[in-house]
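Asks: Mind looking over this structure? Questions follow.
The values are calculated or read from the model by the stated rules, or taken from the named source; none is laboratory data. Fair warning: this is a prediction, and the values are worked out from it, not measured in the lab. Note that we place each Cβ from the backbone using ideal geometry, even for glycine, and neighbour counts take in every protein chain shown. Just the protein is used for accessible areas: all its heavy atoms, side chains included, with ligands, DNA and RNA removed. Shrake-Rupley method; radii C 1.70, N 1.55, O 1.52, S 1.80 Å.
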Amino acid sequence: MVYSEIVLFIKTNSMIKKPLILGIESSCDETAASLVTENEHGIPTVLSSIVSSQVDIHKEFGGVVPELAARSHIEKIDIITKKAIDESGVALKNIDAVAATAGPGLIVCLSIGLSFGKAIASSLEKPFIAVNHLEGHALSPKLNSKLNYPYLLLLISGGHTQFLNVQGLGKYKRLGTTIDDALGEAFDKTAKMIGIEFPGGPQIEIYAKKGDPNKYELPKPILYRGGCNLSFAGLKTAVLRIAKQIKTDQEKYDLAASFQKTVEQILYKKSKVAIKEFKNINENNNNTLVVAGGVAANKKIRESLKKLCIEENFIAIFPPMNLCGDNAAMIGMVGLEKYKINQFSKLDHPAKPRWPLDEEAKFLKGAGVKL
Ligand code: KG4
Ligand code: ZN
């Protein structure tokens, strides 16, 4: 054997003892595939993670167009998966299971990755595992940190904003939720009002660096009531009112900075309330706050929640920067956890556009919500 064959032989054989999972993600506008396994200490290890974003396709429409997103998933999913397998250095036949996102998300998009994952699992005669996208975000810090249950989770993504008591794999108790917009949505809409191209959320952070965070006084809805439930609709309306009047770039920077600072203050206060509730429920000393989802990439938000955790004697844990947004490594990792307890899915598992982590939590959205 030549040297490269020996390396591959050792790599492949040392992996046989450990589960090797192919993860697939297509719930919105990212097509992603990843190979995940675990090391000798049982820590999840990402062998490859390929994410193909559709930003250029949706830019001219100012938001995600479901049909175009689905078409792009169809065009790319096999190429992306092949790339993930090639980069991982393992052979497809050595995969132990295929995990694919089954919800929540856009049904036309979910269906692509889900069918593709089922087809690979079926052709390899390996188990198929349907994964909740939100559970992927919820457990994503396991990809770089040791995490013990239970922990308090602040999930801040484009479609969801929630505080959850994470008791174990598949065991979630919602403590609070947004009663209107998700935080990522508020970032994206603010960006649009300021005139930043889609997807504007991450750009707000860049604009904010050049602005005065104290220039505009913005509302913090339900800050002192509703427990750790949150609301961003009133903040968005206030941003719109100001955005209509501003003209200069500096004013735009100031508005972005003021918006971001207001969000920091809301999250700081509401996380404090959630920590108190979490402490009341859990009497052990598992004092961990996990912040996950696309908005967890925001550095100012990270800093302010780290500060809160120091004050509250909590440990703040965030996913690696590149795994805050949508990716398939987090899906493969949930697949790995489920594989270890033989939690497999049937091949007729449906795509679920709505799939809350806490299925028993009350629906709290819309006008007239009682808190
Ligand atoms: O988790 P994610 O990739 O997709 C969903 O599951 O929704 O989150 C995407 C959201 C978008 O709304 C995006 O604007 C926001 O995360 N986002 C950010 C930042 N990076 C991404 N928001 C604020 N600051 C950032 N740096
Ligand atoms: Zn997501």
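Asks: Along the Cα→Cβ direction, 7 angstrom out, place labels at Glu277 and Asp212. What is the inter-label distance in nm?
Replies: For Glu277 paired with Asp212, the spin-label model returns 3.7 nm.
Asks: Under a 1.4 Å probe, what is the accessible area of segment 94-246 per residue, stated in Å²?
Replies: Values: 5680 Å² over 153 residues.
Each residue of segment 94-246 exposes 37 Å² on average to a 1.4 Å probe.
Asks: Averaging sequence separations of C-alpha pairs under 8 Å and six or more residues apart, then dividing by the length of segment 155-216, give the relative contact order as a whole percent. Before the final figure, lay out each step's value.
Replies: Values: 70 pairs, mean separation 14.9, N = 62.
Over segment 155-216, the number comes to 24 percent.
Asks: In addition: Within segment 198-262, what is the number of lysine pairs with alpha carbons under 17 Å apart, leaving out pairs fewer than eight places apart on the same chain?
Replies: So the count works out to 17.
Asks: Now, a different point. Given a 1.4 angstrom probe, I'd like the percentage of the accessible area of the chain that is carbon and sulfur, rounded to a whole number. Let's see the in-between values first.
Replies: Numbers: 9070 of 16860 Å².
Solvent-exposed carbon and sulfur of the chain make up 54 percent of the total.
Asks: Here's something else I'd like to know. Multiply the residue separation of Lys59 and Ile79 by 0.36 nm, subtract the distance between their alpha-carbon atoms, and state the gained length in nm to one decimal.
Replies: On the way: separation 20, 0.36 × 20 = 7.20 nm, distance 2.28 nm.
Full extension of this stretch gives 4.9 nm more.
Asks: Mind checking the dipole of segment 244-348: about its Cα centre, +1 per Lys or Arg Cβ, -1 per Asp or Glu Cβ, Debye to the nearest 20? Spell out each step's value before the answer.
Replies: Numbers: 17 positive and 12 negative charges, 35 e Å.
Rounded to the nearest 20 debye, it is 160 debye.
Asks: For the chain, what is the charge dipole size about the Cα centre, in debye to the nearest 20, if Lys and Arg each add +1 at the Cβ and Asp and Glu each add -1 at the Cβ? Display every interim value, and only then the final one.
Replies: On the way: 47 positive and 39 negative charges, 205 e Å.
Dipole magnitude for the chain comes out near 980 debye.
Asks: Does a label point 7 Å from the Cα of Lys300, set along Cα-to-beta-carbon, have any residues of segment 207-237 with amide nitrogen under 15 Å, and which are they?
Replies: It comes to 207-220, 236, nothing else.
Asks: List residues of segment 190-211, by number, whose backbone nitrogen lies under 16 Å from a label position 7 Å along Cα→C-beta of Leu68.
Replies: 197-200
Asks: Further question on the same structure: How long is the gain from Lys362 to Met321 if the chain were fully straight, where each residue apart is worth 0.36 nm and the alpha carbon distance is subtracted? Don't skip to the answer; put the middle values down first.
Replies: Values: separation 41, 0.36 × 41 = 14.76 nm, distance 3.19 nm.
Taking 0.36 nm per residue and subtracting the Cα distance, the gain is 11.6 nm.
Asks: How far apart, in nm, are two points set 7 Å out from the Cα along the Cα-to-Cβ line at Asp249 and at Gln265?
Replies: Roughly 2.8 nm, to one decimal.
Asks: Pop the C-beta distance of Leu92 and Tyr149 into the FRET formula with R0 = 35 Å and round what comes out to the nearest 0.05. Let's see the in-between values first.
Replies: Details: r = 33 Å, r/R0 = 0.95.
Efficiency at R0 = 35 Å is approximately 0.60.
Asks: Moving to a separate point now. If you line up the long axis of helix 3-16 against the longest principal axis of the chain, both from Cα atoms, how many degrees apart are they, to the nearest 10?
Replies: 80
Asks: Sum -39500 (n - 2.57) across every DSSP H segment of at least 4 residues in the chain, then divide by the residue count to get the 222 nm mean residue ellipticity, nearest 500.
Replies: Rounded to the nearest 500, the figure is -13500 deg cm²/dmol.
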